[in-house]
Structures are given as C-alpha cells and as structure tokens.
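Only one structure is covered here, and it is reproduced in the block below.
The values are calculated or read from the model by the stated rules, or taken from the named source; none is laboratory data. Not measured: the values here are computed from a predicted model. Here Cβ is always computed from backbone atoms with ideal geometry, including for glycine, and neighbour counts include all displayed protein chains. Surface areas here come from the heavy atoms of the whole protein model, side chains and all, with no ligands, DNA or RNA. Shrake-Rupley method; radii C 1.70, N 1.55, O 1.52, S 1.80 Å.
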Amino acid sequence: MHRRAAMIAAIAVAAAAPALALAPAASADTGHHSRTTLSQQSAVKSLASWTDTYLTPRTSFTMQPDGSSGNTVGGAGIPNIAVVKSTIRTYYNADAHGIANKKSSPYISQMDSILAAQTARLKSLYKQSAAHGKKPAIVFDADDTTLWTYDMEDGAMHFNFDPALQDTWVQDEKFPATPGMVKFEKAAKAAGFTIFGITGRNDDQKAATLGNLKKVGYTGFTAKHFFTKWTGVGSSQQPSYITCATAKCTTVEFKAGTRKHIESMGYDVALNLGDQFSDLQGGSADHTVKLPNPTYYLPSPDLPGMSQPRLSPRTHFIMKADGSSGKTQGGEGIPNIDSVKATIRTYYGAGANGIANKTSSPYITEMTRLTRRVTPLLSFACTVGKLLGAKPAIVLDADDTTLWTYDMEDGAMHFNFDPALQDTWVQDEKFPANPGMVAMVNAANRAGCTLIGLTGRHDDQKTATMGNLAKDGYQGFTAANYYTKWTGVGSSQQPPYITCAAAKCTTIEFKSQTRAHVESPSGGGYTILANFGDQFSDLIGGHALVPVKLPNPTYYLP
C-alpha cells in the first residue's frame, strides 16, 4: 500500500507541479527519501508542509499606469484589487466604513514631511522668482491638493467615481483640508506669494469650491485667481488663451495653458502643487511638487515636444497581501487603484461595462495553456490511481475555479462585493465556466478520478451551484461529494469533522479539514491527487498531493 500511494504521489508531483511552476523542484535526495523511507501519512504531511511554504501571494509587481501590463504579466503579476484597497486603507488609516483618520496616518505623516520641506524653501523660491522681474506666485490644484476627498472616494463612492455624487459633495462643501496644506498656504501668502488655484472642477462648482476652501481655513484664494473648467453652457466657455490640439482639451492643455496665462499676467509660477502628474505636466512653473494619491488616476498626455520623465508614475511596487505595505511604501509606492482596474480589464479583455471577453484575452490564453498542459498529466495520474485501487480524486473550488465570476465582480459589483447580489447570480445560475476547465475536469473524471467540490458558497446555494456546473457542461459532480459551507440555520450546521480555533472557522480550517475528511474512511477514503483553487486559502493546509493555483486578481480571500 505504501509503495502504491508513493507511486501515485510521485506521478502527481513529478508531472503536475513542474508543469504549473508551482515551486522549485525538490532535491533528488529529498524526493528519494520521501519515496522510500517515510510512511504514506508522513510523506503526504511532509509534502504538504513543503508546498504550503510556496502558497503565498506575490509581493513584487511591475505595472504600467495605462493598464497595458495586463497583456504581459499574467494573473499573479497583477496587484490584487482587494489587497490594493487594504493597502490604501492602511495608508490613510481608514476604518471599515472608508473614513480616513484625520489625526494620524502614514498619509498624514508623509504630507507633513513634504510640506515641511517646501515651507523651508519658500524664502529661496521667492528670491528666485522675484529675480525674474515678475510677481512670485504659487499654483494649487483642488482635489487632494487643498481639499481632501478620501472619505468621498472610499466611504461614499467605494473607489468608483460618480459625478453626480461628487457634485453633491462639492456643492455641500463637505471636504476637509488636505493635511498640513492650510498651514503651508498661509506661510506662502505670508512670504509674499500670490495664491492661484487651477482645478478640473467646472465653473458651476467654483463658488462652492471657494466657499469650502474658506470654511476649512484657507485665506489666500480669490475668485479672480481661481480657475475652473468651462462647461460649454451659457457664459461658461473655453477662454481665448487656451488652445487645444483637438476639439476637447486635455487636462494638461487646460492646466499648462492656464499657468502660461498667469505668467502673461506678470507672475512667475515659482511652485506648482498637485496630486496628479497631469496637474504638473506642460511646463510654465519653475518647480513642481507631486503629492501622494493612490485613490484615483487622471492621465493626460504631455504637451507636444515636451519631455518630462520625472513627472511620470512609478511602475515597480512592493505590496504585501495583508495591506501592511501601506505603512511603509508611501503614496507613490502603492499601486494606484485606477491603474489596477485598467490592468485587470486588459487581462480579461473587458470593456468599460466590466464584461469579460469570452473568446480571446490574456486570461483565456493563460488558463488554456495551463489546462492543456495539466489535462494529460492529470488524466494519467487518475488512470494509474484507479488501476491501483487508490480511489483517486481531485478537489475543485467553485468561484473562479470552475465557475467564472468576472462579469459579476466587475460589471455588476464594480469590485465591491455584495452578498445579496452574489446570491441572485448564484440562484439564477448565471456564471459561465472558467476557460479550459470543463474539458480538463471531464477528462479527469473519465480517467477515473472522483470529483470533489469544495466551495465557500453556503448550503442554501448548493443546488443552484450544481445546476450551474451541469449547465456549463461539467460531468461527474454529485451532491454527496459536493461540500458547501453551513449557514447555522436549521439542519445546516457545522459538521463534526470540522474543528476551529475560534468561534468562526477560517477558510483554511473549513477547506483543509474537509479534504482530510474526504481522505478518511467516513468521507470515502479518497486519495486527493490535485486540489484546484483560485485563492491560496483554497489550497493551504495539505490533504492533497498537488495544489494548483489558478490566476485571479479580482478579489482576495485570506
């Protein structure tokens, strides 16, 4: 029996793990020792411990701001959007409601440091500017430069911009001052600088914006020196000093053209402050200061012939899965959430409506390549396992392993999980199959592997989930071997084979202990050759010879 189980383990590990590049191969000595001198139980336990060390999310990422990296880096190379949100909230010390801490946070500390350095150079900037024979001036953007929009962006909009809601916040003058900026603006005014504002807010929002600035303590902004964008309605028309390459002006054309106009009025823009690179590009300022803001990204091409490589977003990031990098990386070191969305949509071939391309995309290519390589290896392992009487099985998660949830996550939920909406999609059996998985799973079943379903969906969703799987063409799933989570209501209670360290079981406890049950005589006595899941928590905890991680940057379940 030991040699038989070891043979199956050798087939599964030697075939599947290298094919999936799950982890570096074990040394020859270690593999030989496991196959010849350890018991079946200790061999599997040793293998589980070894593989668990590699079942951790990536922490280093390369991401272009325009989303194009979705074509090249693969699913694991895209910053997971749920982790990005967690990291942003750590940076702003925001609570569960998306409200930033107004007293202490890494963001506040970074802003204090930036503005202290700029305050210290005000006198020298004034002298440099006055030497030009013009009146020294400083230009400020509005949103997240002078007025802090975090609570609206996260708490109210959940990182999905809503222009109507933004206008309500503007007209109600609801924004606090950006940390440290009132003090800096007053110091600049006291040093003799004329204060200018240039914002992408429109003319209909100008009075409310000036009112908000005054309400939170700014003293240097005046209607004459505060420039908002025209609406094209009535008297709110494009000014004569703004020229654009196309019918619709870009942000840089508007802002750089306005700074040039300020210079034509006899001023020298000594310093230009903004939270977006498009606030700063285009010249007509002696110095620029980029303020941190990972909560949205407003790109705009630089002016023709202008090259300002320093005014471009970072492309390399370090981000831990628990969100803790928000304490250490600074605002520019956090993947900007709008760029992350663009990258994810490129990867799935999704349009502006959040609907994935079902024919061709980098995601489909990656999944197809993976399943085509694994299918013959897995089928062979299933065949050998059945011939040897080892009751071979494979374990499969549901969401984004067998059933593809992208259109719900992006198109319907806009990357903000809604359990009621999720239940509607589940009960309506709306999910297509994950690319390549139907053929792979059915082939494994035909080759002799029992299919074990193991999902965090709950018992009230079991029937609909199995119906969805059958509708998509999966064959071999049975109610007896399909495990959903208990609700705690009526007969849906925690099974005796699940024990938890706390009152509420973790995903890893539920899934790993269910796999242990499947391996036990009471659960069928199966040998789990492979465990497929899109979350690391689907795979950690052993009780499967080979864990197979599928790509998914759209949510993270630790």
Worksheet entry | For Val438, solvent-accessible area (1.4 Å; no DNA, RNA or ligand), Å² | 30
Worksheet entry | the range 521-526 - phi-based ³J(HN,Hα) in whole Hz, Karplus 6.51/-1.76/1.60, Gly and Pro as x | x, 5, x, x, x, 7
Discussion item. With the crude spin-label approximation of a point 7 Å out along Cα→Cβ, what separation in nm comes out for Thr328 versus Lys102?
Written reply: 3.2
Worksheet, complete the sentence: Rounded to the nearest 0.05, FRET efficiency between Tyr241 and Leu557 (Cβ-Cβ, R0 41 Å) equals 0.15
Worksheet item: Once the other residues with Cβ under 14 Å from the Cβ of Ser324 are scored (Lys, Arg +1; Asp, Glu -1), what is the net sum?
Response: +3
Worksheet item: Quick one: how many Å² of Leu545 are accessible to a 1.4 Å probe, rounded to 10?
Response: 10
Fill in: Contour minus Cα-Cα distance for Lys214 and Lys504 (0.36 nm per residue)
99.5 nm
Fill in: Distance from the range 360-383 to the range 129-171 (C-alpha centre basis), Å
48
Worksheet item: Looking only at the range 319-344, which residues have a backbone nitrogen under 19 Å from a spot 7 Å from the Cα of Ser109 in the C-beta direction?
Response: 319-335
Worksheet item: How big, on average over all directions, is the shadow cast by the Cα convex hull of the range 410-478, in nm²?
Response: 5.0
Worksheet, complete the sentence: With 0.36 nm assigned to each residue of separation and the Cα-Cα distance removed, Ser520 to Asn71 gains 157.3 nm
Response to the item:
Those chymotrypsin sites (Phe, Trp or Tyr not before Pro) from the range 239-315 that are DSSP loop and have at most 14 other Cβ neighbours within 10 Å turn out to be Tyr241
Worksheet item: Based on Cβ point charges of +1 for Lys and Arg and -1 for Asp and Glu, what charge dipole magnitude is obtained for the range 397-441 about its Cα centre, in debye rounded to the nearest 20?
Response: 120
Worksheet item: Debye sum, Cα scatterers, the range 170-245, no solvent: what log₁₀ I/I(0) at q = 0.16, 0.19, 0.22, 0.25 1/Å?
Response: -0.65, -0.85, -1.03, -1.19
Discussion item. Need one number: nm distance between label points at Thr478 and Thr368, each 7 Å from Cα along Cα→Cβ, rounded to one decimal.
Written reply: 3.5
Discussion item. As a quick test, which of the pairs Lys102/Lys215; Lys135/Lys260; Lys102/Lys341; Lys174/Lys214 have an alpha carbon distance above 19 angstrom in this structure?
Written reply: Lys102/Lys341
Discussion item. Placing +1 on the Cβ of each Lys and Arg and -1 on the Cβ of each Asp and Glu in the range 230-365, which of Gly305, Ala270, Gly326 has its Cα farthest towards the positive end of the resulting dipole?
Written reply: Gly326
Worksheet item: What length, rounded to one decimal in nm, is gained on full extension from Asn160 through to Ala191, with 0.36 nm per residue of separation minus their alpha-carbon distance?
Response: 7.2 nm
Discussion item. Run lengths n ≥ 4 of DSSP H only: what is the helix-derived mean residue ellipticity at 222 nm for the chain, with -39500 (n - 2.57) per run over all residues, to the nearest 500?
Written reply: -11000 deg cm²/dmol
Fill in: Qualifying aspartates and glutamates (Cα of each under 18 Å from Cα of Lys504; at least 8 residues distant if same chain)
Asp459, Asp538
Discussion item. How charged is the neighbourhood of Asp112? Take every other residue with its Cβ under 14 Å from the Cβ of Asp112, and add Lys/Arg as +1 and Asp/Glu as -1.
Written reply: +3
Fill in: Theoretical FRET efficiency, 1/(1+(r/R0)^6), r = Cβ-Cβ of Ser264 and Ala117, R0 30 Å, to 0.05
0.50
Item to complete: Loop only per DSSP, at most 14 neighbouring Cβ atoms within 10 Å: give me the chymotrypsin sites (Phe, Trp or Tyr not before Pro) in the range 451-558, ordered by residue number.
Response: Tyr497
Discussion item. Can you tell me which aspartates and glutamates have their Cα less than 18 Å from the Cα of Lys123? Leave out same-chain residues fewer than eight positions away.
Written reply: Glu185, Asp268, Asp286
Practice prompt. Please label the shape of the range 446-558 as rounded, prolate or oblate, based on the square roots a ≥ b ≥ c of the eigenvalues of the alpha-carbon gyration tensor (a/c under 1.5 means rounded; beyond that, a/b larger than b/c means prolate, else oblate).
Written response: rounded
Fill in: Whether the range 264-354 is rounded, prolate or oblate, judged on the alpha carbon gyration tensor where a/c under 1.5 counts as rounded
oblate
Worksheet item: Can you list the trypsin sites (Lys or Arg not before Pro) in the range 97-161 that are in a DSSP coil and have 11 or fewer other beta carbons within 10 angstrom?
Response: Lys103
Item to complete: Could you size up the charge dipole of the chain around its Cα centre, putting +1 on the beta carbon of Lys and Arg and -1 on that of Asp and Glu, and report it in debye to the nearest 20?
Response: 1140
Discussion item. Quick check of the Kirkwood formula: for the range 288-434, what is the inverse mean of 1/r over all pairs of different Cα atoms, in Å?
Written reply: 19.3
Worksheet, complete the sentence: With a Förster distance of 25 angstrom and the Cβ-Cβ distance between Lys248 and Asp167, calculated FRET efficiency to the nearest 0.05 equals 0.80
Worksheet, complete the sentence: Of the residues Gly180, Asn160, Thr149, the Cα lying farthest along the dipole of the range 125-221 towards its positive end, which is defined by charges on the beta carbon of Lys, Arg, Asp and Glu, belongs to Gly180
Response to the item:
Relative to the chain, whose Cα atoms define the longest principal axis, helix 337-348 and its Cα axis are tilted in degrees, nearest 10, by 40
Discussion item. Students often get this wrong, so try it: which of (i) 28.6, 92; (ii) 31.8, 100; (iii) 25.3, 80 is Rg and Dmax of the Cα atoms in Å as calculated from the structure shown?
Written reply: (i)
Item to complete: Check the straight Cα-Cα distances from Lys386 and name the lysines below 30 Å, setting aside those fewer than 8 residues away within the same chain.
Response: Lys45, Lys462, Lys471, Lys485, Lys511, Lys549
Worksheet entry | C-alpha center-to-center spacing [the range 435-453, the range 202-223] in angstrom | 63
